[in-house]
1. Segment 107-198: D in µm²/s via Stokes-Einstein (Kirkwood Rh, Cα pairs, 20 °C, 1.002 mPa s)?
2. For segment 31-148, with only Lys/Arg (+1) and Asp/Glu (-1) charged at the beta-carbon, what is the dipole magnitude about the Cα centre, in debye rounded to 20?
3. When the Debye formula is applied to the Cα atoms of segment 45-195, each taken as the same point scatterer, what base-10 log of I(q)/I(0) results at q = 0.12, 0.14 Å⁻¹?
Amino acid sequence: MQVPKRHLPVVGVLGLLVVAAAGGSIAYYQYVHPPQTACGTHPVHRLIFMNAIIEERGGFSIFNAAILNQTSLPAFSNTTGANLTGLHFANYKTADNITLSASVDDTVTVYVKAISTNETGPTPTQLSSATGHGFDIGGGLNMQVVNGTLPTFNIPWGTWYTVTFHVTQQGTGDYHCTQTCSARHPQMRGGFSVGCGS
């Protein structure tokens, strides 16, 4: 008399494979793909680099923008700005050189260098009483400062300033200089737009 061999039923094996595949998919989605916002996009960390010079000579001007592909910010110095050595990022082009743009749930780090027109060429020059530029964001945008201070009332000539904030809702606003620096100081501003999937 022979003892019958026991085999797992084919249905049982297939069932285990389906459960394992589903579990792997969930783990992949949860840990590899970052969460999506209400807009259906993945939030990113934007780095914006701009110069600040009196409005008569151009005002605020974005000269570089990047998406940060790591969790830590670059090293920063008020005299040299952000150190991008070894940083994982991807450059992108802004719509123009004066408008900050982001999507809901993005994090934005702005780097601003204050430039003195007394050191960079002909008239017009800034007011002799001015010691730098300032930076603030207005217009009712919903955001939370994560690192740095906002507003800042003085970025001394030739130095850098940085602030990082998280935007939480669609809207429009502006950023502007907070120190009276020239006759056209009230016009020294740029736009800020937070959209859905921008």
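1. 151
2. In debye, rounded to 20, segment 31-148 gives about 220.
3. -0.47, -0.65
Each reported figure results from applying straightforward, stated rules to the coordinates on display, with no laboratory input. Please read these numbers as outputs of a predicted model, since none were measured by experiment. FYI the Cβ positions are ideal-geometry reconstructions off the backbone, even for glycines, and counts take in every protein chain you see.
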